[in-house]
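What follows is calculated from the coordinates using simple rules that are stated; it is not laboratory data. Just so you know, these numbers come straight off a predicted model, no measurement behind them.
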Amino acid sequence: MTKYRDKQILEELYVNEQMTMGEIARKFGCSTPTIKRWLDWHGVQTRNQAGNGKRPWHSKERLRKLHVEQGLSVGNLAERFGCDDWTVEYWLRKFEIDGREPPAGLSDSPPTNHYWKDGYEVVCADQFEVRIHRLVAITEHGINYVEDWSQYHIHHKNGVKWDNRPGNLDVVTPEEHGRIHNPKTRERATTT
């Protein structure tokens with residue numbers, strides 16, 4: 001049996017150790033709603049942080065005041081309320097609370113320096129443009145492998161140019177990249 005389904009374990013962690021449902025979920029690698037469901041199933045009384053029959057994150061005014069006016073982050077709110085980050089994010093979206101006002105001089109609309117070019121996701125700053133897959137490769141492999149694109153190419157393993165997950169990207173030489181994408185070269189390499 002999975003440990004988070006055990007009433008004694010849940011009571012020990014939630015009631016005695018005062019862990020939040022989110023902390024328990026992270027401990028067992030499951031979701032917070034799963035923990036909530038099993039607490040309810042076993043009849044374990046859940047804590048009410050507000051003490052007035054409502055969860056503190058159920059108040060639109062309170063969320064707006066703390067997040068927008070006082071500038072508390074999602075993480076700070078979750079810690080204050082004793083809940084998970086995703087709970088705070090859910091209620092912020094539900095109440096259409098967009099977040100803090102942008103700093104003076106910064107537009108409240110998203111930047112226009114993000115676009116698609118030849119199927120690749122691209123960002124630009126000033127006159128420079130960088131493809132996102134190269135930035136991801138830098139974080140995974142370091143700048144030395146990707147700063148000079150004449151020496152190293154970034155190959156999308158599954159052939160989908162916009163799939164920039166680290167596991168889908170390989171750093172290869174231009175020659176290797178050519179062999180990967182040229183079927184005739186690939187055929188010659190396998191027959192020799």
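Converting phi to 3J(HN,Hα) with the Karplus coefficients 6.51, -1.76 and 1.60 and the offset θ = phi - 60°, region 4-11 yields 5, 8, 7, 4, 5, 5, 4, 4 Hz in sequence order, with x at every glycine or proline.
Remark: region 164-174, residue by residue, has Karplus-estimated 3J(HN,Hα) of 9, 5, x, x, 9, 10, 10, 8, 9, 6, x Hz, where x stands for each Gly or Pro and the curve is 6.51 cos²θ - 1.76 cosθ + 1.60 at θ = phi - 60°. Quick check on my link table: of K3/K27; K7/K27; K36/K65; K65/K94, which ones sit more than 19 Å apart, alpha carbon to alpha carbon? Where the Cα-Cα span goes over 19 Å, the pairs concerned are K36/K65. For K117, the lysines whose Cα comes closer than 28 Å to its Cα, not counting residues fewer than 8 places off in the same chain, are K157, K161, K184.
Each part gets one Cα centre, and for region 3-74 versus region 143-184 those centres are 44 Å apart.
Taking amide H as placed 1.01 Å from N in the peptide plane, H153 has its amide H under 5 Å from the amide H of V172, T173, each at least 5 places away in sequence or on another chain.
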